[in-house]
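Presented below is the structure to which this report refers.
The values are calculated or read from the model by the stated rules, or taken from the named source; none is laboratory data. The structure presented is a predicted model; accordingly, all values stated were derived computationally and were not measured. Don't worry about glycine lacking a Cβ; one is built from the backbone with ideal geometry, like all the others, and counts go over all protein chains shown.
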Amino acid sequence: MTTLPPPSKVKLGLVIDLDTCVGCHACAVGCKEWNAGGVAGPLTDSDPYGKEPSGVWFNRVHSYELQATDACAGSALQPAQPAQTLHFPRSCLHCETPACVTVCPTGASYKRGEDGIVLVDEDKCIGCGLCAWACPYGAREMSPVEGVMKKCTLCVDRIYNTNLPEAEREPACVQVCPTRARHFGDLGDPESKVSKLVAERSGVALMPELGYQPVNRYLPPRPRRVGEATATSQTTHEATETIDEQALPTALRWMHRMLSR
Amino acid sequence: MNPALSVIFFTTLSGAGYGLLAWTALGALIRQPARPLLLSLAIGLVLVTIGLLSSLAHLGQPQRAWRALSQWRTSWLSREGVAATVTYLPALGLAAALLPALLAADARSASIALNPLGAACALALLIASLATVACTAMIYASLKPVPAWRHRLVLPVYVLFALVCGGLLALAIHGFARVLPGAALLAGGAGAIALALCKWRYWQSIDATPLALQRGDAVGLPQRTVTLFERPMTEGNYITREMAFVLARAHAKRLRIVAVVLFALVPVACVLLAIATAALQPWLLTLAALSALAGAFAERWLFFAQARHLVTLYY
């Protein structure tokens, strides 16, 4: 049924730390490896070793540049920030009110009432592609080989899998992340580790104004420790660098004064 | 958005078909002659069926298409499927009601009298045809990630296109049976002009409205200016092929003029000529209808190709 279930108490999802993500694509590769054989498998590629390889991925890691911000532009809470790289892993956010489910004409798309995971029943999917159009986050990709829609399952075949050791019962992308930038848990429980992490780091939902109420949260990069000098020094030359004498140890300050004469 | 030919064929052909069916139902209610009514009923059903079959070509698993009739509670696509299927019943009912009149001596131009059941079928056909077109429009108008499709003129323009294309076809079919009154022809021209005005207003409006969200919003950092450094993969994927179609925005102006000339100016000129020259009337009206269909095709291509999906913010 594409009618949404009543809001679940348990809201399983991911918390992704944009501060520690280094853009290594391990989550994308780990996901592809597990899901090629899991419930969502096969994750077919077309022309995988040819000139124009293409295929279905549930994770895609984008890299952006955050432009430097002015000191005066922000409030006291947002000091000047230097330009920095942002690695942004994009995957299904398992929204609480997902339009990809309600637009589905067949009932193949559904949201689980017990834990909020959004799934596709590939045996019912007619491959019309409307759900992918309805998703602003680009979470769904059609497999041209099977002619059905594919999407992140939050590794539903791992997280409840009693054949795996308990420590491994989390999504593959979380397991493989070398910088522990990905966290998995119940975002419906305010006492869970992930919820506390979101509260502590002011985690955000993506494009909340669209009203889909994503469950996944992203932790923004921590403010960089920059003083007035380093924030503006990016384009300045050595000759114009200023030295804060008070910050120097006594011996170095003395040396600096001697050499400056 | 990627302008898939199967969807464009579907929305234009079945749109014209449902428009023709709606006018045929109205024609039966106001006692038009039986033969042109039956002919337009048949042509309408053929157009609708070709359109529906071409929409199946858009599916990855067309043999499961019947499943699309199940989720009408939430899905406009499902509602459209249900409405499209239901429309066949009153259409066939009306055809059965018109058949006896066809055997009458002067079926070409004598007005008909429907029995109550036939009239009920005609009324149901009128409602179901227009409802199907409205559902088609709502599939697009309900998609928040494509802001240009959320515009309030999307639904009226879809219905007007169906009524204008279908109406010109109906006039052409009736024109072959007898000389039509000038008022009916003028109404066809007026419809085309109203359509052009609505479409022009829509284009102006979407041109003047930038995307409300920036890349910063897409990555959860609305206070920062975010520029693209590197895409996830060197090759394209389903998302970039389906949602990130930029060709049309570069040629939009020229294509818009072509569309308006085809769906409004040519039909209006044909209608005016047809009023002046009764002998050429059916042929001029046929030209008007075909031109309007071609214009609808160009407009629909632009409707898809020009619309920007929010997911392109990531790319």
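Quick one: is B:Ala16 in a helix (DSSP H, G or I) and within 13 Å of chain A (Cβ to nearest Cβ)?
Numbers: in a helix (DSSP H, G or I): yes; within 13 Å of chain A (Cβ to nearest Cβ): no.
No, not satisfied.
Hey, does the stretch B:304-313 have a residue that's touching a residue at least 40 places away in the same chain (Cβ under 8 Å), part of a loop (DSSP other than H, G, I, E, B) and either within 18 Å of A:Phe88 (Cα to Cα) or away from chain A (no Cβ under 14 Å) (or both)? I'd like the intermediate steps shown before the answer.
So in the stretch B:304-313, the residues touching a residue at least 40 places away in the same chain (Cβ under 8 Å) come out as B:304-313.
So of that shortlist, the ones also part of a loop (DSSP other than H, G, I, E, B) come out as B:307-309.
Cutting the leftovers down to either within 18 Å of A:Phe88 (Cα to Cα) or away from chain A (no Cβ under 14 Å) (or both) gives us none.
Among the residues of the stretch B:304-313, not one is touching a residue at least 40 places away in the same chain (Cβ under 8 Å), part of a loop (DSSP other than H, G, I, E, B) and either within 18 Å of A:Phe88 (Cα to Cα) or away from chain A (no Cβ under 14 Å) (or both), which makes the answer no.
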Go through the stretch B:243-287 and report how many residues are closer than 20 Å to B:Gln204 by Cα, modelled with pLDDT under 90 and among the small types (Gly, Ala, Ser). 3
Hits in the stretch B:145-194 - residues which are within 14 Å of chain A (Cβ to nearest Cβ) and either touching a residue at least 24 places away in the same chain (Cβ under 8 Å) or over 30 Å from A:Ala99 (Cβ atoms) (or both): B:Pro145, B:Val146, B:Pro147, B:Ala148, B:Trp149
Quickly run through the stretch B:202-236 and pick out the residues that are in a loop (DSSP other than H, G, I, E, B), of a type in the set (D, E, K, R) and surrounded by 18 or more Cβ atoms within 10 Å (Cβ to Cβ). B:Arg224
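Between A:Cys131, A:Cys135, A:Cys92, A:Cys104, which is buried (at least 20 other Cβ atoms within 10 Å of the Cβ), more than 9 Å from chain B (Cβ to nearest Cβ), in contact with a helix residue (DSSP H, G or I) (Cβ under 6 Å, 6 or more places away or on another chain) and at pLDDT 95 or above? Spell out the reasoning first.
Numbers: A:Cys135 fails: more than 9 Å from chain B (Cβ to nearest Cβ); A:Cys92 fails: in contact with a helix residue (DSSP H, G or I) (Cβ under 6 Å, 6 or more places away or on another chain); A:Cys104 fails: more than 9 Å from chain B (Cβ to nearest Cβ).
Just a single option satisfies the conditions, and that option is A:Cys131.
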Looking at the stretch A:107-128 only, could you name the residues that are crowded, with 24+ Cβ neighbours inside 10 Å and at the interface with another protein chain (Cβ under 7 Å from one of its Cβ atoms)? A:Cys125, A:Ile126, A:Cys128
If the requirement is being at pLDDT below 95 and either touching a Leu at 6+ places or on another chain (Cβ under 7 Å) or closer than 19 Å to B:Glu80 by Cβ (or both), which of these qualifies: B:Ile43, B:Ile8? B:Ile8
In the stretch B:38-95, residues that are among the aliphatic types (A, V, I, L, M) and within 14 Å of chain A (Cβ to nearest Cβ) total 11
Scan the stretch A:11-52 for residues that are more than 21 Å from A:Arg201 (Cα to Cα), at pLDDT 95 or above and of a type in the set (A, V, I, L, M) and jot them down. A:Ala26, A:Ala28, A:Val29
Looking at the structure I just gave you, is A:Thr97 touching a residue at least 12 places away in the same chain (Cβ under 8 Å), within 12 Å of chain B (Cβ to nearest Cβ) and over 23 Å from A:Leu43 (Cα atoms)? yes
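From the list A:Val156, A:Val145, pick out the single residue that is closer than 26 Å to B:Arg67 by Cα, surrounded by fewer than 21 Cβ atoms within 10 Å (Cβ to Cβ) and away from chain B (no Cβ under 14 Å). Give the derivation first.
Details: A:Val145 fails: away from chain B (no Cβ under 14 Å).
From the options A:Val156, A:Val145, the qualifying one is A:Val156.
Quick check: is even one residue across the stretch A:198-221 free of Cβ contacts under 8 Å to residues at least 12 places away in the same chain and facing another protein chain (nearest Cβ under 8 Å)?
From the stretch A:198-221, those free of Cβ contacts under 8 Å to residues at least 12 places away in the same chain are A:199-200, A:208-209; that's our starting set.
Remaining after also requiring facing another protein chain (nearest Cβ under 8 Å): A:209.
Taking every residue of the stretch A:198-221 in turn, at least one turns out to be free of Cβ contacts under 8 Å to residues at least 12 places away in the same chain and facing another protein chain (nearest Cβ under 8 Å).
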Across the stretch A:46-70, what is the number of residues that are more than 7 Å from chain B (Cβ to nearest Cβ), within 22 Å of A:Cys177 (Cβ to Cβ) and not hydrophobic (A, V, I, L, M, F, W, C)? 2
Scan the stretch B:237-250 for residues that are in a loop (DSSP other than H, G, I, E, B) and within 7 Å of another protein chain (Cβ to nearest Cβ) and jot them down. B:Asn237
So in the stretch B:206-219, with the set limited to residues that are more than 14 Å from chain A (Cβ to nearest Cβ) and touching a helix residue (DSSP H, G or I) at 6+ places or on another chain (Cβ under 9 Å), which one is farthest from B:Gln306 (Cα to Cα)? B:Thr209
Would you tally the residues in the stretch B:84-141 being at pLDDT 90 or above, of a type in the set (S, T, N, Q) and either closer than 13 Å to B:Thr24 by Cβ or surrounded by fewer than 19 Cβ atoms within 10 Å (Cβ to Cβ) (or both)? 3
